[in-house]
Amino acid sequence: MEKLQIQEKGQKFKYEASCDYEDLQFIPLVFETGGRWTENVECMIKYACRKIATKIGLPYSTVKHRWTSRLSAVLQRANAMVISTRIDYLVANKNQLVGQSLDSKYLEEEVIN
């Protein structure tokens, strides 16, 4: 099973019961940091782009291209922010983290330097 599908099943397992309780349908939208996404994401994009294209009178292909381009840029910015925040945290807490879950050699070689 592909990693994205495993993540999707994990999200479904985590949130579906709460949504069922509220009489809502949960559809996980899972993205990979490299830009790939699951079939659920593709279906959501197609559905939304068809609606938008019909409403504003632009070709579907134009709307989909704009949406996927913007989505890609938003995900890249968000990933950069998460990585930056994580590195700042690791550097600030190096002495406390060493010996817990991170190897000090890895921390010094890969993160700090």
Could you run through segment 38-72 and say how many residues are more than 22 Å from Glu8 (Cα to Cα) and under 16 Å from the mean Cα position of the chain (by Cα)? 2
Tell me, yes or no, whether segment 97-109 has at least one residue that is in a helix (DSSP H, G or I), acidic (Asp, Glu) and modelled with pLDDT under 75. yes
Might you let me know whether segment 51-61 holds any residue that is among the aliphatic types (A, V, I, L, M), part of a helix (DSSP H, G or I), under 18 Å from Leu4 (Cβ atoms) and in contact with a Phe, Trp or Tyr (Cβ under 9 Å, 6 or more places away or on another chain)? no
Looking only at segment 14-50, which residues are over 28 Å from Ala80 (Cα atoms), outside the structural domain of Gln76 (by TED's automatic domain parsing) and in a helix (DSSP H, G or I)? Glu16, Ala17, Ser18, Cys19, Asp20, Tyr21
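The values are calculated or read from the model by the stated rules, or taken from the named source; none is laboratory data. Computed from a prediction, not measured in an experiment: that's the story for all the values here. All Cβ positions, even for glycine, are placed from backbone atoms using ideal geometry, and neighbour counts span all protein chains on display.
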